[in-house]
Amino acid sequence: MKRIIKGFSNFLNTRLGFVLLAVFLYTLKTIYAYTTKFNLGVKGSIQTFLMIINPIPIMLLLFGLALYMKGRKSYIFLLIVDFLDSVWLFSNILYYREFSDFLTMVLIKGSGSVANNLGKSILGILKPTDFLVFLDVLILILLLAFHVIRMDVKRLNWKIPVLVSSLAVLLFGANLTLAESDRSQLLTRTFDNNYIVKYLGLNVFNIYDVVKTTKTTAVKSQAKSSDINSIEKYMKDNYVQPNVEYTGVAKGKNVFIIHLESLQQFMIDYKWDGEEVTPNLNKIYHENNTLSFDNFFNQVGQGKTADAELMLENSLFGLPEGSAMVTDGTSNTFQAAPAILDQEAGYTSASFHGDVPSFWNRDNAYKSWGYDYFFSSNYYKEKKSYNIGYGMKDKIFLKDSAQYIEQLPQPFYAKLITVTNHYPYTLDKKNQSISKTDTGDKTVDGYVQTARYLDESIGEFMNWLKETGLDKKSMIVFYGDHYGISDNHKKAMAKLTGIKGFDDFDNAQYQRVPFMIHMDGLKGGINHTYGGEIDVLPTILNLLGVDNKNMIQFGSDLLSSQHSQVVAFRNGDFVSPTVTKVGSTYYNTKTGKVDKKISKAEKEKLSNKVTTELSLSDRVINGDLLRFHKLPGFTTVNKKDYSYKKSTALKRLKSSEKKKTSLIDENDGKSLVDLYTTDAPELSDDK
Ligand code: GP9
Ligand code: MN
């Protein structure tokens, strides 16, 4: 035993031993920070394992640099690196406490509101245990100072540091592979900074962030103000006059944008086991005062929900890779729906979502879009049973949103993002009200159950709008953000739809998602125009009577007779009433057969239109070109004016400077939340 201890202490007296000790202590410290200071959402054994080991490769690489040096300076170097890294961790802990997100380069460069929001309150949020992240540095210093460990000053054989660095790279490769196998497209889609930290560690996230930001800022800094000219010209040449019959019919109304997670159009009127899956939505779909679209497509890319949000509120396409909300949402200038409606028509805007604010970088992108409020998961009562998958269960989420909706000054623009009907479509027994389908495909068969649950939650919400009279004062827009069943499940889709040999053509057709505009007195009906998410903003602005003539928008009013019915998909494929393109194959949309008659010129014309629009839109985002586009009467949004800190927001709601126009005010200060009825079993269990 003695010999082992002796051997161990001898090893620590070597420089390699010291480096490994530093890595070990650093790892312990990050485990402490990850589990007590952040909320990474670690689930299962793989994620736990990765969370524990993820600091090792990068620290081995960084601290390992000390092995290339000789003398005391190698130790000093290691301690400085360790100290600086701890300062960084410490800063992230403080930032996270306020924003539930990590620091990024863009935020630090000052375009965000870190200093603004954090500066004043730093002392207020500091906890003594935060300083524990410096403990490992202190221990190492003390060990050296009291000569418990002696410095090993000689130069090492060059093979040792090279071996350590190579091992670090190898370990990192293994870490990344394991992470990707648990969460594919982790680095290309970048849904949430929390995910990258959970899987790869804070330092890797920072390196990733710096590389990514350097790349995007280089493109932006090269962009010139004249770059907007060709875009402005394209807009002018392709301007679509909106349908005047509908101009302003919703003027001054509240707007609800109801995001139906992963809901595809084929669920509308779909029956399973002799029952309608979505009876409430079906009813709305067929009502006379609902404008329903049955040829409306999702157009998202890797950004999925984020792309849908971007298109709906900016009429700009998502990027070919990743999510523009993440890569450009913090830094770019936008002319988005919330800001436009605020400035043009005095709307208060709010987004509601029962997930963490960092997902899809909403906490920052929403500020750039001018959202006054962002009610994310920390505004809601949290309980384990209230959550499933990515966030709160829809019934509880919508019910608990009512308390904030009734406080919003009217007119308001409120977006409610549901999430229960999300892959992998799991739902607890108590909430299931229809049986699973029987395709035998595990990821597909629960879909009708979560879709039914979503539908029921919408039914309850609509009922509350009726009870409170909000339904008469509002225009309610429903949309499905993207497919629920991906093209990896063609066999199951064939069974669900009855289409034999469900193929690529069918898959393109099944990108249809619901889009409905519901309003008291609206001239409704089922409209067969082909269109997609890019067209929502111009359509809605026309209904609200807001002129969009000078805006940079890649969609057009769906109700206009001039509306182009060529619907672009993010990969350059498209669907139109006559032609569908998938890869290099052109189909006849009516028959689903490969179209051999279509001329080369026609193919090129359609295809060019689609790729031109996609690439012009990419240019706007990559070059941050809206900063150069002068929109008459519009003042550029200043992100610093916005804060989604709960205490500040709630105070602001109560003391709104706008005259007292909320639902509560209209009801003599009395809450109308009691009128909300839900059969959510979790809530009746509470009683
Ligand atoms: C998470 C939710 C899901 O907050 O919006 O996003 P998705 O995975 O559908 O893109
Ligand atoms: Mn989604």
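The values are calculated or read from the model by the stated rules, or taken from the named source; none is laboratory data. In this text, all values refer to a predicted model and were calculated from it rather than measured experimentally. A quick note on method: Cβ atoms are made from the backbone with ideal geometry, for glycine too, and the neighbour counts reach across all protein chains shown.
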For the list (1) closer than 21 Å to Phe461 by Cβ; (2) within 14 Å of ligand 1 (Cβ to nearest atom); (3) touching a Ser or Thr at 6+ places or on another chain (Cβ under 9 Å); (4) in a helix (DSSP H, G or I), I need the number of the one condition that Tyr285 fails. (2)
How about region 207-223: which of its residues are of a type in the set (D, E, K, R), in contact (Cβ under 8 Å) with a residue 12 or more places away in the chain and more than 26 Å from Ile93 (Cα to Cα)? Lys220
Of the residues Asn298, Asn289, which single one is within 16 Å of ligand 2 (Cβ to nearest atom) and modelled with pLDDT of 95 or more? Asn298
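Taking the stated definitions as given, is Val477 under 22 Å from Met493 (Cβ atoms), away from ligand 2 (no atom under 16 Å from the Cβ) and not charged (D, E, K, R)?
Numbers: under 22 Å from Met493 (Cβ atoms): no; away from ligand 2 (no atom under 16 Å from the Cβ): yes; not charged (D, E, K, R): yes.
For Val477, the condition - under 22 Å from Met493 (Cβ atoms), away from ligand 2 (no atom under 16 Å from the Cβ) and not charged (D, E, K, R) - is not met.
Only one residue in Asn488, Asn548 is surrounded by fewer than 16 Cβ atoms within 10 Å (Cβ to Cβ) and out of contact with any strand residue (DSSP E or B) (no Cβ under 6 Å at 6 or more places or on another chain), so which one is that?
Numbers: Asn548 fails: surrounded by fewer than 16 Cβ atoms within 10 Å (Cβ to Cβ).
Answer to the check: Asn488.
Quick one: in region 338-389, of everything that is among the charged types (D, E, K, R) and within 16 Å of ligand 2 (Cβ to nearest atom), which residue is farthest from Asp192 (Cα to Cα)?
Residues of region 338-389 that are among the charged types (D, E, K, R), as a first pass: 342, 344, 355, 362-363, 367, 372, 381-384.
Subset that is within 16 Å of ligand 2 (Cβ to nearest atom): 355, 362.
Numbers: Asp355: 11, Arg362: 10 Å.
Applying the filter and picking the extreme gives Asp355.
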Filter result for Val255 (within 16 Å of ligand 2 (Cβ to nearest atom), touching a residue at least 60 places away in the same chain (Cβ under 8 Å) and under 22 Å from the mean Cα position of the chain (by Cα)): no
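Regarding Ser315, is this residue within 16 Å of ligand 1 (Cβ to nearest atom) and under 26 Å from Asn507 (Cβ atoms)? Talk me through it step by step, then tell me what you get.
Numbers: within 16 Å of ligand 1 (Cβ to nearest atom): no; under 26 Å from Asn507 (Cβ atoms): yes.
In short, no.
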Residue selected from region 157-189 under the condition over 20 Å from the mean Cα position of the chain (by Cα) and hydroxyl-bearing (Ser, Thr, Tyr), by the criterion nearest to Ile53 (Cα to Cα): Thr177
Checking Asp394 against (1) over 14 Å from the mean Cα position of the chain (by Cα); (2) more than 16 Å from ligand 2 (Cβ to nearest atom), only one condition comes out false. Which one? (2)
Looking for whichever is within 26 Å of Thr661 (Cα to Cα) and surrounded by 24 or more Cβ atoms within 10 Å (Cβ to Cβ) here; the options are Tyr373, Tyr404, Tyr380. Which one fits? Tyr373
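Tally time: how many residues in region 89-105 are at pLDDT 85 or above and assigned to a helix (DSSP H, G or I)?
The qualifying residues number 10.
Out of curiosity, is Phe628 touching a Ser or Thr at 6+ places or on another chain (Cβ under 6 Å), among the hydrophobic types (A, V, I, L, M, F, W, C) and touching a residue at least 60 places away in the same chain (Cβ under 8 Å)? Spell out the reasoning first.
On the way: touching a Ser or Thr at 6+ places or on another chain (Cβ under 6 Å): yes; among the hydrophobic types (A, V, I, L, M, F, W, C): yes; touching a residue at least 60 places away in the same chain (Cβ under 8 Å): yes.
Spelling it out, Phe628 is indeed touching a Ser or Thr at 6+ places or on another chain (Cβ under 6 Å), among the hydrophobic types (A, V, I, L, M, F, W, C) and touching a residue at least 60 places away in the same chain (Cβ under 8 Å).
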Selection count, region 568-626, where residues are in a helix (DSSP H, G or I) and aliphatic (A, V, I, L, M): 9
Thr27 fails exactly one of the following numbered conditions: (1) surrounded by fewer than 18 Cβ atoms within 10 Å (Cβ to Cβ); (2) out of contact with any Gly (no Cβ under 7 Å at 6 or more places or on another chain). What is the number of that condition? (1)
If a residue has to be within 13 Å of ligand 1 (Cβ to nearest atom), in contact with a Pro (Cβ under 9 Å, 6 or more places away or on another chain) and polar (S, T, N, Q) to count, how many in region 360-393 make the cut? 2
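Residues are listed down the side, and each one gets a yes or a no for (1) touching a residue at least 40 places away in the same chain (Cβ under 8 Å); (2) under 20 Å from Pro357 (Cα atoms):
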site	(1), (2)
Thr14	yes, no
Ala22	yes, no
Tyr26	yes, no
Ile31	no, no
Phe38	yes, yes
Lys43	no, yes
Ile46	yes, no
Within region 304-337, the residues that are out of contact with any Phe, Trp or Tyr (no Cβ under 6 Å at 6 or more places or on another chain), among the hydroxyl-bearing types (Ser, Thr, Tyr) and away from ligand 2 (no atom under 16 Å from the Cβ) are Thr327, Thr330, Ser331, Thr333
Which residue pairs have Cβ atoms closer than 7 Å, lie 6 or more positions apart in sequence or on different chains, and pair a first residue in region 358-372 that is within 20 Å of Tyr390 (Cβ to Cβ) with a second residue that is part of a helix (DSSP H, G or I) and modelled with pLDDT under 95? Ser358/Asn193; Ser358/Asn194; Trp360/Val326; Asn361/Val326; Asp363/Phe99
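The rows are residues; the columns are (1) without any contact (Cβ under 8 Å) to a residue 24 or more places away in the chain; (2) surrounded by 13 or more Cβ atoms within 10 Å (Cβ to Cβ); (3) at positive phi; (4) assigned by TED's automatic domain parsing to the domain that holds Leu103.
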residue: Phe146; (1), (2), (3), (4): yes, no, no, yes
residue: Leu156; (1), (2), (3), (4): no, yes, no, yes
residue: Pro161; (1), (2), (3), (4): no, yes, no, yes
residue: Ala179; (1), (2), (3), (4): no, yes, no, yes
residue: Leu187; (1), (2), (3), (4): yes, yes, no, yes
residue: Thr190; (1), (2), (3), (4): no, yes, yes, yes
residue: Ile196; (1), (2), (3), (4): yes, yes, no, yes
residue: Phe205; (1), (2), (3), (4): no, yes, no, yes
